[in-house]
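A short write-up of the structure that comes next.
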Amino acid sequence: MLNKIVGFGIVGIIATLIDFASLFVLKSLLGVDVYIATTLAFGLSLIFNYVASMKYVFVAKEGLTVRTQLLIFLGTSVIGLLINQAVMYVGIEWLNMYYMLAKFFATGLTMVFNFVARQMLLEEKQKS
């Protein structure tokens, strides 16, 4: 399990770097609208995250099609994004946190949710 958590963390860090780098290139170097650039960067990082997670972190349940795996992965990602935004809002608006501190807590909670949800929904159960 520790190897799985470490692998999940490494994939997540790389996906985050892809997200930030893509946003910078699209917005600052290519002049793409910030909201379109953000969406495209999120999509690129999500594709990497899915491919790397399914190859190096999780062993897919038998019988799940790639389409079903992708839909589950996308669904958990959208829920994770909503959790992230909610924690950011509460931290900033209600608790008067510095936005980067709120982001730290939001990212941590979202990572835990994503790992547990994907483990439950995508991972083949270990045979004893």
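No value in this document is a laboratory result; all are computed from the given coordinates. Just so we're clear, the structure is a prediction, and the values are computed from it rather than from any experiment. Every residue, glycine as well, gets a Cβ built from its backbone with ideal geometry; the counts of neighbours run over all protein chains shown.
Helices in the chain, meaning DSSP H runs of at least 4 residues, each add -39500 (n - 2.57). Divided by all residues, the mean residue ellipticity at 222 nm is -24500 deg cm²/dmol. Could you pull out every one of the aspartates and glutamates with an alpha carbon less than 20 Å from that of Lys103, ignoring same-chain neighbours closer than 8 positions? Qualifying aspartates and glutamates at Cα under 20 Å: Asp19, Glu93. Select from Asn96, Asn114, Asn49 the residue whose mean-square fluctuation is largest in a Gaussian network model of the chain (Cα-Cα springs shorter than 10 Å). It is Asn96.
Highest GNM mean-square fluctuation among Val90, Val51, Val59, for the chain modelled with Cα contacts below 10 Å: Val90. Overall shape: oblate for the chain, with the ratio a/c of the largest to smallest alpha carbon gyration tensor axis at 1.5 or above and b/c at least equal to a/b.
Residue separation of Ile79 and Val51 scaled by 0.36 nm, minus their Cα-Cα distance, works out to 8.2 nm of gained length. Rounded to the nearest 20, the size of the Cβ-charge dipole of the chain about its Cα centre is 340 debye, with Lys and Arg at +1 and Asp and Glu at -1.
Calculate the length of the line joining the C-alpha centroid of region 51-82 to that of region 14-29, in whole Å. Region 51-82 and region 14-29 have Cα centres separated by 22 Å.
Only Cα pairs under 8 Å and 6+ residues apart enter the sum, and on that basis the relative contact order of the chain stands at 26 percent. For the chain, modelled as a Gaussian network with Cα springs under 10 Å, which listed residue fluctuates most, Tyr89, Tyr56, Tyr98? Of Tyr89, Tyr56, Tyr98, the most mobile in the Gaussian network model is Tyr98.
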